[in-house]
1. Would you check if there is a residue in the stretch 56-66 being assigned to a helix (DSSP H, G or I), among the small types (G, A, S) and modelled with pLDDT of 95 or more?
2. Checking the structure you have, find out if any residue of the stretch 26-36 is in a helix (DSSP H, G or I), at pLDDT 95 or above and at negative phi.
Amino acid sequence: MRLAGEMESKVADVANDFRKVYDNRMAETTKRAVRENNELSAQLIRLSQSSLELMAQNKLTMKQNRELKRDIELLKAAEKEWALKSRLAKDGIGAGLIDGKPALW
């Protein structure tokens, strides 16, 4: 009987040791998970801020792009008008014209 009591005591000790190790590992795992979660949250905040900055920059760039396209169209129209006036002046046809229209004097 004494042997059975000793065996039972050893099994209980091993079970207790196992529980302690398990609890420690679970605590470490939980701490690691919380730490990783905090790191990911901080990274997500940085990415969100970067995204907002990029969206604002994109909006400004698109506005500038529209303005530049408008300027190009205006310059193309002015270039065509200048080329026509230049050609007419070169051919001597442009004499007496104001803005491509005959002068009334």
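1. Looking only at the stretch 56-66, we keep the residues that are assigned to a helix (DSSP H, G or I), and these are 56-66.
The next check asks that each one be among the small types (G, A, S); those that pass are 56.
If we keep only those that are modelled with pLDDT of 95 or more as well, we get 56.
Checked the stretch 56-66: at least one residue is assigned to a helix (DSSP H, G or I), among the small types (G, A, S) and modelled with pLDDT of 95 or more.
2. From the stretch 26-36, those in a helix (DSSP H, G or I) are 26-36; that's our starting set.
From what is left, the residues that are at pLDDT 95 or above are 36.
Filter again for at negative phi, leaving 36.
Yes.
The values are calculated or read from the model by the stated rules, or taken from the named source; none is laboratory data. No experiment lies behind these values; they were computed from the predicted model shown.
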